[in-house]
Amino acid sequence: MNLYQHFRAEIVRIVTELAAEGLVPDGLETVRVSVEPPRDASHGDITTNAAMVLAKAAGMAPKDLAVMLTDRLGGVEWILETDIAGPGFVNMRLKPEFWYERLKEILLAGVPYGDSTLGGGIAVNVEFVSANPTGPLHVAHARGAVVGDALAALLDKAGFEVTREYYINDAGTQVDTLARSAYLRYREALGEDIGVIPEGFYPGEYLKPVGEALAQQLGDKWLGADEDVWLGEIRTLAISMMMDSIREDLESLGIHFDVFSSENALVEKGAVDQALDQLDQMGLIYTGVLEPPKGKTPDDWEPRPQTLFKASQFGDEVDRAVKKSDGSWTYFATDMAYHQDKYRRGFKTMVDVWGADHGGYVKRMNAAVGAVTGGEGKLDVKICQMVNLKKGGEALKMSKRAGTFVTLADLIGEVGRDVVRFMMLTRKNDSQMEFDLEKALEQSRDNPVFYVHYAHARCRSVLRSAAEQWGEAKTTPGALAEADTHLLVDAEELDVIKIMASWPRLVESAAEAHEPHRVAYYLNDLATAFHALWNKGNDDASLRFIVAEDQPLTLARLALVQGVATLIASGLGVMGVAPVEEL
């Protein structure tokens, strides 16, 4: 149950009743009515702005309408008391029995607790990583990979039909450079001294195995041949090998894609020509001359006629080129066709997760999606800012194998998959991140990974001890759902249940906002509340989870402990992290 939506529905029902009785005008628009947690917990459990947003249309003072609402809310099941705050906010405190029912609901539902029908099965395409197949995945890719995968899991939990997609940029000059670099390593594998890697080639040692594989597969077939003879085959083989390596890295991070789309295949089937022809017929393509870039004019800039898309008609600052001077399509043109292809495959809602260097590309792609989908497509771009790696207080050295960056494989090798995944979600995607490898592994309150894992491990330890003392049959989630939870009267015990009961709302709101980092924040709050209860038990034996001489009280507290373990496992599941049994 999303408790906030439940009580919002009750308030809307009351407004309808008041209208039927002629006490307020009929047909009041309730879309802006909300029920939220109060900013100050001392004000109650939930608060509504109903009187504030309906007063003007009702022709009443907000406080007068608030009084009318509180009179009716007092008769709603589970509401203990109400009061009016400020200019007309209605605060409500719920009966303890309501929270006991939520705990029982959690225990019976298990990890699926919080699953929602919010998405209604709407198809959503989440495209992430989509790194050029020219080198290993690096740390920045790791962040985008985790954000994209966790967002997809979150949307899935919220009831959307999610497709995870990787777009292979296998067309253009960068893959030709890959082919030339791989051919160089191919010659090296066949015994040639290739000397210093030429400027403009990919220098990383990761291409040595590619060259060796080419030599083993092709022998000396292309040795000494002209480039135009071998370029196509070497390019195809090198891309395939690099994508195998990328898939392996993603597998090590626990990430699987439903679809791998090829830019080259899109171009070859004429999708770019078709998309631009359609826009041309709509009067959105023309030949014109762009103004020079803002600020200092580049030395190589010159005013010249270009084929342009009227991006400015769709919210972009300027119109955008869709053809290069050599007559080939720009990257923007192929991206337009690619997003039109997504739309034609049934995705009106698209989420792209991009790196920090693509921030200036967002407006033009939103303009493009608006144009190629006739205004029906919706694109949300999540920009992932840079990750600064540190170890021992110093910036982590670059990877020799990669040549210029720290690889994803390096990072996983340092701290493990689950730590990488968790840490990448401890900041909002568009915030800079500092990732200290030593702190990510230390067992302290300051390490969110450890702190949440420790809470789950403590829960499991308590439940194992109880099972040894009273038998497993009494400590299963189903059995604990029948415990007398009315014995949980400590304020902090109820606070923990309230945090657990807010999980369905968190799932829905985070899914709507496309913000998976909220899950990490939620788990930290839940772990903090649970550890506080644990510490109280250390100070006062009567507050411990297991009270040997009082089995009913112990079972009630074990129900709470099981609930915490369930919610942590549920949240970690969205993050793609495995809960630990012990530390």
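The values are calculated or read from the model by the stated rules, or taken from the named source; none is laboratory data. Predicted, not measured: the structure shown is a model, and the values here were computed from it. Methodologically, a virtual Cβ is constructed for each residue, glycine included, from the backbone with ideal geometry; neighbour enumeration extends over all protein chains shown.
Give me a count of the residues in the range 13-48 that are hydrophobic (A, V, I, L, M, F, W, C) and surrounded by fewer than 16 Cβ atoms within 10 Å (Cβ to Cβ).
Qualifying residue count for the region: 5.
Answer yes if at least one residue in the range 385-402 is modelled with pLDDT of 95 or more and assigned to a loop (DSSP other than H, G, I, E, B), and no otherwise.
yes
Do the conditions hold for Leu441, that is, is it assigned to a loop (DSSP other than H, G, I, E, B), out of contact with any strand residue (DSSP E or B) (no Cβ under 8 Å at 6 or more places or on another chain) and under 16 Å from His141 (Cα atoms)?
no
Tell me, yes or no, whether the range 275-284 has at least one residue that is without any contact (Cβ under 8 Å) to a residue 60 or more places away in the chain, out of contact with any helix residue (DSSP H, G or I) (no Cβ under 7 Å at 6 or more places or on another chain), among the charged types (D, E, K, R) and within 30 Å of Val318 (Cβ to Cβ).
Yes, that holds for at least one residue.
Among the residues of the range 314-345, write down those that are under 21 Å from Gly374 (Cβ atoms), of a type outside the set (Gly, Ala, Ser) and in a loop (DSSP other than H, G, I, E, B).
Matches in the range 314-345: Asp316, Asp319, Val322, Arg345.
If you check Ala123 against the conditions, is it crowded, with 19+ Cβ neighbours inside 10 Å and either over 24 Å from Asp40 (Cα atoms) or of a type in the set (A, V, I, L, M, F, W, C) (or both)?
No; evaluated as a whole, the condition is false for this residue.
Failed condition for Arg557, given (1) part of a helix (DSSP H, G or I); (2) closer than 21 Å to Val147 by Cβ, with all others met?
(2)
Where in the range 473-530 are the helices (runs of 4 or more DSSP H), entirely inside, with at least 2 residues that are charged (D, E, K, R)?
491-501, 503-513
Need the failing condition index for Glu317 against (1) of a type outside the set (A, V, I, L, M); (2) closer than 30 Å to Arg185 by Cα; (3) out of contact with any Leu (no Cβ under 7 Å at 6 or more places or on another chain), just the number.
Here Glu317 meets the rest and fails (2).
Pairs please, first residue from the range 353-372 and closer than 20 Å to Val124 by Cα, second anywhere and among the polar types (S, T, N, Q) and surrounded by 19 or more Cβ atoms within 10 Å (Cβ to Cβ), Cβ atoms under 6 Å, 6+ apart in sequence or on different chains.
Val372/Gln340
Got a sec? Which of Glu394, Glu434 is without any contact (Cβ under 8 Å) to a residue 24 or more places away in the chain and outside the structural domain of His514 (by TED's automatic domain parsing)?
Glu394
Among the candidates Val67, Val31, which residue alone is aliphatic (A, V, I, L, M) and within 39 Å of the chain's Cα centre (by Cα)?
Val31
Here's the yes/no breakdown for (1) modelled with pLDDT of 95 or more; (2) in a loop (DSSP other than H, G, I, E, B); (3) surrounded by fewer than 14 Cβ atoms within 10 Å (Cβ to Cβ):
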residue: Trp230; (1), (2), (3): yes, no, no
residue: Ile234; (1), (2), (3): yes, no, no
residue: Ile239; (1), (2), (3): yes, no, no
residue: Ser245; (1), (2), (3): yes, no, no
residue: Glu251; (1), (2), (3): yes, no, yes
residue: His256; (1), (2), (3): yes, yes, yes
residue: Leu266; (1), (2), (3): yes, no, no
residue: Leu276; (1), (2), (3): yes, no, no
residue: Leu279; (1), (2), (3): yes, no, no
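Can you tell me which of (1) touching a residue at least 12 places away in the same chain (Cβ under 8 Å); (2) more than 32 Å from the chain's Cα centre (by Cα) is the one Ala473 doesn't meet?
Only one criterion is unmet by Ala473, namely (1).
Looking at the range 453-464, is at least one residue modelled with pLDDT of 95 or more, buried (at least 18 other Cβ atoms within 10 Å of the Cβ) and touching a His at 6+ places or on another chain (Cβ under 7 Å)?
yes
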